[in-house]
1. To the nearest µm²/s, what D does Stokes-Einstein give for the stretch 1-121 at 4 °C and 1.567 mPa s, using the Kirkwood radius over alpha carbon pairs as Rh?
2. Hey, rough spin-label estimate for residue 237 and residue 106, points 7 angstrom out along Cα→Cβ, what's it come to in nanometres?
3. Suppose R0 equals 41 Å. What FRET efficiency, 1/(1 + (r/R0)^6) with r the Cβ-Cβ distance, do residue 168 and residue 54 give to the nearest 0.05?
4. What distance in nm separates the simple spin-label points at residue 290 and residue 223, each placed 7 Å from Cα in the Cβ direction?
5. Take the alpha-carbon positions of the stretch 119-221, form their convex hull, and give its projected area averaged over all directions (one quarter of the hull surface) in nm².
6. Full-extension gain between residue 36 and residue 115, please, as 0.36 nm times their residue separation minus the C-alpha to C-alpha distance.
7. Taking every pair of alpha-carbon atoms in the chain, give the share separated by more than 24 Å as a whole percent.
8. Need one number: the % of Cα-Cα pairs in the stretch 164-237 sitting beyond the 18 Å mark.
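Readers should treat all values here as calculations from the given coordinates under stated rules, not as data from a laboratory. This structure is a prediction, so every number in the text was calculated from the model and none was measured. Don't worry about glycine lacking a Cβ; one is built from the backbone with ideal geometry, like all the others, and counts go over all protein chains shown.
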Ligand code: SF4
């Protein structure tokens, strides 16, 4: 469905995406994880061309979205967005929140937009709250509206930016189940940003691990959790605090140091300043990403 080819994005002289390539297939649930400043949100914004890439290609259903001649609005309508903070209009009823985009963007008559809005609210179990205002709904209900609103425009591809992170665990499970049902019913493809490793493990088919604007590992989810390869990914999984028997939490896996600034990134491997396996070669030569098992790619000299 989407091929991203050698995507770069610069803001001034600062490169925040350094050559990302990935294929997303129809029906996939792909997730991206990485620390703040790794370029996750910029990558997501480039995917639906809210941000113009500096170079590289984004091929969506055979059309290159970086080509000036392509009608971006047409393709953006096939991409839904679900945000962490719901982004509902507080002064509008839930039904009006559902109908405003179809009426304004697609010029759908009010009656038809309301009928579709009610159908979608019914699908997420909120038809009886159509006349309520966002302030009268719980966080989980607001996120259900956010999802209903995103899929009311019949997208093929839905981007979810930390969309379940703010919800409590039982509500998260309900929202993930809803997303799963909608994927089956409508053949949706999802692209997730989350820092929640439980969501990644149980909901995503494939995982992209990013660090300082680079893709350092790309893998089927089960393979990544069975055997993470890149030292950053290993540190990420090791950093999940475990209860220690006597002395509080065991945080022995926590990485030392800070993520370097993208304004002045390290030469060689972007992770070398914090990597426990760093060699002289790592300080000067950036590792290429390579496939080391079917579908499992890693950018690290340890696997040359
Ligand atoms: Fe560590 Fe070197 Fe691999 Fe980078 S290339 S992750 S510094 S071992």
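1. The Stokes-Einstein estimate is 78 µm²/s.
2. 4.2
3. Between residue 168 and residue 54 the formula returns 0.55.
4. Result: 1.5 nm between the two label points.
5. Averaged projected area of the stretch 119-221's Cα convex hull equals 7.4 nm².
6. Fully extending the segment from residue 36 to residue 115 adds 24.4 nm.
7. Numbers: 25960 of 46056 pairs.
Roughly 56 percent, rounded to a whole number.
8. 44
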